[in-house]
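K.L.:
Below is the structure I would like to discuss, written out as structure tokens.
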Amino acid sequence: TASAIACSWNPAIVKKMGEAIAKEAKKEQISIVLGCGINIKRSPLCGRNFEYFSEDPYLTGKLATGYIEGVQSLGIGTSLKHYAVNSQETRRMTSNSQIDERTLREIYLSAFEEVVKKAKPTSVMASYNRINGEFGARNKYLLTDVLRKEWKYQGGVVSDWGAANDIVSCMKNGLTLEMPDPKGFHTDVLKEAYKDGRITGQELDNWTKNVLQNFVSLHKNIEENYEVDMEEQNQVARKLENESAVLLKNNSVLPIGKEKKVIIIGELARQMRFQGGGSSHIQPTKMTNAIEAIREKGYQVTYIQGYQNEKEELGEKQLQDTIEKLKQEYRKKDCVILYFIGLTESYEGEGYDRKNLKIPQNQEELLAEIAETVGKDHIAAISFGGAPMDFSFEKNVGAILHMYLGGQAVGESVADLISGEVNPSGKLAETIPFSEKDTPAWRYFAPPNDDVEYRESIFVGYRYYETFHVPVKYPFGYGLSYTDFKIETQSVTADANKVTVKVKVTNTGSSYSGKEIVQVYYSAPDSAEAEKEYQELGGFAKTDELAPGESQILTISYDTKDIR
């Protein structure tokens, strides 16, 4: 999912993901992939956050550009979505995002601008919601004034399913292709409008030309009997997740030596969560769960179910049976417990928002009992979810490896990472707060009416926490490794157009190869007249795999126009 791959901070592998998805689209004779979704994560409670990259527009724009370029390199079209200011699922068909121009430009449109100009997506999908009073699919300011006239966009503009509210108004204000609602298409309404003169022949010609150029023309790229090596695709999925998982805590519990016995607890290890819910739900071609994958590495594995995914309560008998079995199997010196924990299917998905950051109570209760019984020093939590959650269980474990929702090869990836064959190199693409009440939009998110006020302004995610000194559980850009890195600034140069930073990155550890991500932030001068965030992301780069003692020079630059 986008929430997972964003933690790779690596546009090159997001491009590889786009290519892999395009291959399967070609196999299924599909001309356009609906994605990628680049809405900014205004609140961690949005039910569809698993589909989006980040709380930061710069990181979002760079990753999405990689994705669009990857898909379109094979002749498959894309649909950049959901344009725009689409930050909640609650009343998504009718809500009205009320936002000032500066916040709109700096936070919610800047990733769209980057991707439209650099990657030229086949189509842009208009969102369901209203933006400052007008629905996305008929919003002249967004679709015509900004997208067409200002950004010079030549591609197609398509509605979300059922979002073309008053088709004549939609077409006149910038839509070129309608997706149906439950009653189908509104062709008859357009015909009537043409007959009575509300639509001109020239307008019809313009819209038709756009559809022919951007949608119908893709048919030529369909290939009969296009073959895809599904095992190779599975290995791509595995590599993507290996570079995206985030090590949040590690008191020398991970990686696990082959001489150790592994006790796996939790149904999420057997029935793994690897994707979000809703219209993006798909059947995997292959699914190896973590228990099987870790056994395949040569570990002696004992599995205890512990809790059930679809239940909230932990029965007394189940609790006692789990602890009893654990006592029989656990030997302090030669055992590591892998506890699988996180958001289950019912906790997040398209069409509804979460009310809080809580995870299922039965998972937390059982973990607390296990830690009480054997101590936390030999417990590693393997966590899952498409969005931030309550990590207060951290006090009961010695390590946390966060997988997000890692695709069909996530079980194999867990095995690669806990064994040390792969060193985790992901960094959080969003802040994980202590509580939903700490988030900047808390008082305004998903209110009990349609008027959604973006009163937190530009202070979204880390821009808020760092400016106003709000403590967080894990900050944006955070992630650990099995090794250590030293980062030395070589030079900083600037001219009228560009700021360039050169750094030397050295793996100073002695045992593990690994990759490091360098992030460059900038701050406005104190005398700046406009209210500014403490700092914002200006650029980033990821090293190659560096062996112990090995160094690499990274050059990171950003345009001075981006700091205006």
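K.L.:
Find how much the distance from N497 to K118 grows on full extension, using 0.36 nm per residue of separation minus their present alpha carbon separation; answer in nm with one decimal.
P.N.:
Additional length available on full extension: 134.7 nm.
K.L.:
Relative to the Cα centre, what is the charge dipole magnitude of region 388-517, using +1 at the beta carbon of each Lys and Arg, -1 at the beta carbon of each Asp and Glu, and rounding to the nearest 20 debye?
P.N.:
Charge dipole, region 388-517, about its Cα centre: 440 debye, nearest 20.
K.L.:
If you take the Cα Rg of region 164-224 and divide it by 2.2 N^0.38 Å, with N the number of residues, what do you get?
P.N.:
Relative to the 2.2 N^0.38 Å estimate, region 164-224 comes out at 1.25.
K.L.:
Along each of its three principal axes, how wide is the spread of alpha-carbon positions in region 285-439, in whole angstrom units, largest first?
P.N.:
The principal-axis extents, from largest down, are 43, 37, 29 Å.
K.L.:
To continue, here is another question. Carbon-plus-sulfur fraction of the accessible area of region 332-449, 1.4 Å probe, in percent?
P.N.:
Ligands and nucleic acids excluded, carbon and sulfur give 46 percent.
K.L.:
Please tell me the relative contact order of the chain in percent, rounded to the nearest whole number, where contacts are Cα pairs under 8 Å and at least six residues apart.
P.N.:
Contact order relative to length: 17 percent.
K.L.:
What does the accessible area per residue of the chain come to in Å², with a 1.4 Å probe and no ligands, DNA or RNA counted?
P.N.:
On a per-residue basis, the chain sits at 42 Å².
K.L.:
Of K260/K395; K249/K327; K152/K504, which pairs sit farther than 31 Å apart, going by alpha carbon to alpha carbon?
P.N.:
Too far apart for the 31 Å limit: K152/K504.
K.L.:
Something else now. Let me make sure I get this right: for region 112-183, a, b and c are the square roots of the gyration tensor eigenvalues over alpha carbons, sorted descending. Under 1.5 in a/c it's rounded, otherwise prolate if a/b > b/c, else oblate. Which is it?
P.N.:
prolate
K.L.:
Would you list, by chain and number, the lysines whose Cα falls below 16 Å from the Cα of K27, excluding same-chain residues fewer than 8 positions away?
P.N.:
Excluding near neighbours in sequence, the set is K220.
K.L.:
Let me ask another. Based on C-alpha coordinates, I'd like the Rg and Dmax of region 36-97, in Å.
P.N.:
Rg, Dmax (Cα atoms, Å): 12.7, 37.
K.L.:
In Å and whole numbers, how far do the C-alpha atoms of region 383-449 stretch along each principal axis, longest first?
P.N.:
Result for region 383-449: principal-axis Cα extents of 49, 28, 17 Å.
K.L.:
Under a Cβ-only charge scheme (Lys and Arg +1, Asp and Glu -1), can you give me the dipole magnitude of region 1-130 about the Cα centre, in debye to the nearest 20?
P.N.:
180
K.L.:
Counting pairs of alpha carbon atoms under 8 Å apart in space and at least six apart in sequence, what relative contact order in percent does region 11-61 give?
P.N.:
In percent, rounded to a whole number, it is 26.
K.L.:
List the pair-distance distribution P(r) of region 1-42, using every Cα-Cα distance, as the percent of pairs falling in each 10 Å bin from 0 up to the bin containing the longest distance, rounded to whole percents.
P.N.:
That works out to 24, 50, 24, 2, in percent per bin.
K.L.:
A further question on this structure: As a test of the formula, what do you get for the chain when each DSSP H run with n ≥ 4 contributes -39,500 (n - 2.57) and the sum is divided by the residue count, at 222 nm and rounded to the nearest 500 deg cm²/dmol?
P.N.:
-7500 deg cm²/dmol, from helical runs alone.
K.L.:
Of all DSSP beta bridges located in region 64-218, what percent are antiparallel, nearest 5?
P.N.:
Expressed as a percentage, antiparallel bridges in region 64-218 total about 25.
K.L.:
Also, quick follow-up: What shape does region 146-196 take by its C-alpha gyration tensor, where a ≥ b ≥ c are the square roots of the eigenvalues and a/c under 1.5 counts as rounded, a/b above b/c as prolate, and the rest as oblate?
P.N.:
Verdict is oblate for region 146-196.
K.L.:
Now a separate question. With equal scatterers on the alpha carbons only and no solvent term, can you work out the Debye log10 of I(q)/I(0) for region 286-371 at 0.15, 0.16, 0.21 1/Å?
P.N.:
Taking Cα atoms of region 286-371 as identical point scatterers yields -0.70, -0.78, -1.12.
K.L.:
Could you look at region 1-77 and say what percent of its accessible area is carbon and sulfur, using a 1.4 Å probe and all protein chains?
P.N.:
The C+S portion of the solvent-accessible surface of region 1-77 is 53 percent.
K.L.:
Which FRET efficiency value, to the nearest 0.05, do you get for K355 and H281 by plugging their Cβ-Cβ distance into 1/(1 + (r/R0)^6) with R0 = 25 Å?
P.N.:
0.65
K.L.:
Further question: Using +1 at the C-beta of Lys and Arg and -1 at the C-beta of Asp and Glu, which of F340, L143, S252 has the Cα lying farthest in the positive direction of the dipole of the chain?
P.N.:
In the chain, that residue is L143.
K.L.:
Share of region 224-301's accessible area from carbon and sulfur, percent, 1.4 Å?
P.N.:
Here it works out to 44 percent.
K.L.:
Here's something else I'd like to know. How many angstrom separate the Cα center of region 468-523 from the Cα center of region 409-444?
P.N.:
Going from one Cα centre to the other spans 18 Å.
K.L.:
For region 374-508, what Kirkwood radius comes out of the mean inverse Cα-Cα distance, in Å?
P.N.:
One decimal place: 18.3 Å for the Kirkwood radius.
K.L.:
How would you order 267-276, 55-64 from highest to lowest mean count of nearby Cβ atoms within 10 Å?
P.N.:
The peptides rank, most packed first, as 55-64, 267-276.
K.L.:
Under 37 °C and 0.692 mPa s, how fast does region 189-273 diffuse according to Stokes-Einstein, given a Kirkwood radius computed over C-alpha pairs? Answer in µm²/s, whole number.
P.N.:
The calculation lands on 164 µm²/s.
K.L.:
Report the normalised scattering of region 433-564 as log10 I(q)/I(0) at q = 0.17, 0.21, 0.23 Å⁻¹, calculated by the Debye formula with identical scatterers on the alpha carbons.
P.N.:
Reported log10 I(q)/I(0), two decimals: -1.03, -1.20, -1.28.
K.L.:
How long are the semi-axes of the equivalent ellipsoid of the chain, taking √(5λ) for every eigenvalue λ of the Cα gyration tensor, in whole Å from largest down?
P.N.:
41, 27, 24
K.L.:
Computed from the mean reciprocal separation of all distinct C-alpha pairs, what Kirkwood hydrodynamic radius does region 41-152 have, in Å?
P.N.:
14.4
K.L.:
Also, quick follow-up: Counting just the Cα atoms, what span does region 222-318 cover along each of its three principal axes? Round to the nearest Å and put the largest first.
P.N.:
56, 34, 25
K.L.:
Something else now. Taking the mean number of other Cβ atoms within 10 Å as a proxy for protection, how do you rank 109-115, 218-224, 385-391 from highest to lowest?
P.N.:
Going by the mean number of other Cβ atoms within 10 Å, highest first, we get 385-391, 109-115, 218-224.
K.L.:
Sticking with this structure for a sec: For region 492-537, what is Rg from Cα atoms divided by 2.2 N^0.38 Å, rounded to two decimals?
P.N.:
Normalised by 2.2 N^0.38 Å, the Cα Rg of region 492-537 equals 1.71.
The values are calculated or read from the model by the stated rules, or taken from the named source; none is laboratory data. It should be emphasised that the depicted structure is a prediction, and the values quoted were computed from it without experimental measurement. Here the Cβ is made from the backbone with ideal geometry for all residues, glycine too, and neighbour counts use every protein chain on show. These area figures cover heavy atoms from the full protein model, side chains too; ligands, DNA and RNA do not enter into them. Shrake-Rupley method; radii C 1.70, N 1.55, O 1.52, S 1.80 Å.
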